[in-house]
Amino acid sequence: MPDFNTVLTPGAVSDGRVNTVVEIPEGSRLKVEWHRQTASFMLDRVEPSIFAKPCNYGFIPGTLDEDGDELDTLIICPEPLATGVWLEAKIIGVLKFEDDSEVDDKVVVVPADNRDDDRITSLDDIPQWKAKIEHHFTHYKDLKKPGSTIVKGWGDSEEAKAIVNSCIERYNNQ
């Protein structure tokens with residue numbers, strides 16, 4: 001398996017595009033994480049069945065968020081994507097999020113080339129997804145650590161690009 005942080009760039013952020021690697025397929029309750037030190041995927045934990053992921057979940061290579069991990073992505077796609085698949089994605093916004101008092105933002109993206117339905121261009125185009133995502137991230141730790149996650153709000157694609165750029169800078173300066 002390649003080291004995604006070595007073989008991929010973050011993407012053409014100024015054009016609103018990023019490369020993202022899938023960690024968790026939509027519908028899975030397996031919390032799979034990219035382990036930077038070993039360049040491999042690792043099963044971190046099994047979530048309760050009521051907290052299956054509402055969308056595909058991944059990361060942007062060559063970034064470092066304030067929580068010490070690569071910057072997360074929430075990939076809105078018509079079907080689940082397998083762990084380890086990477087794609088070029090179009091930035092449509094950001095979920096501003098705190099987990100255990102640490103900033104853990106999630107950039108919301110869609111496949112850059114969706115020939116079936118290319119109409120999603122902003123968070124306004126996915127109100128049903130936004131509601132599911134916000135509910136999930138507000139409550140997914142309620143059974144073990146109630147109140148440890150806080151959805152701080154949503155940002156548009158420009159705010160998301162600024163967050164990606166700051167995470168690229170943090171990665172390059174580590």
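Structure data summary
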item: Spin-label proximity, ASP3 to segment 38-64 - amide N less than 11 Å from point 7 Å beyond Cα toward beta carbon; result: 38-40
item: Modelled label reach - TRP154, point 7 Å along Cα→Cβ, segment 101-120 residues with backbone N closer than 17 Å; result: 105-111, 119-120
item: Between segment 23-52 and segment 106-174, the alpha-carbon center distance in angstrom; result: 17
item: Dimensions (Å) - segment 4-172, Cα atoms, principal axes, largest first; result: 40, 37, 28
item: Summed side-chain charge close to ASN56 - residues other than ASN56 whose Cβ falls under 10 Å, Lys, Arg +1, Asp, Glu -1; result: -2
item: Distant-in-sequence amide H partners of GLU26 (H built 1.01 Å from N, under 5 Å); result: ASN56, TYR57, LEU81
item: Amide H within-cut-off set for ARG17, under 5 Å, with H built and near neighbours excluded; result: ALA12, ILE91
item: Relative contact order, percent, segment 4-172 [alpha-carbon distance under 8 Å, six or more residues apart]; result: 24
item: Nearest-20 debye value, the chain charge dipole, Cβ charges on Lys, Arg, Asp, Glu; result: 380
item: Local electrostatic count, GLU79, Cβ distance below 15 Å [Lys/Arg +1, Asp/Glu -1]; result: -2
item: Cα-based shape type of segment 1-90, given that a ≥ b ≥ c are square roots of the gyration tensor eigenvalues and the cut on a/c is 1.5; result: oblate
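Taken together, the values in this text are just the output of simple stated rules run on the coordinates, not laboratory data. What you see is a predicted model; the values in this text were computed from it and never measured. Counting neighbours? That spans all protein chains shown, and the Cβs are built from the backbone with ideal geometry, glycine included.
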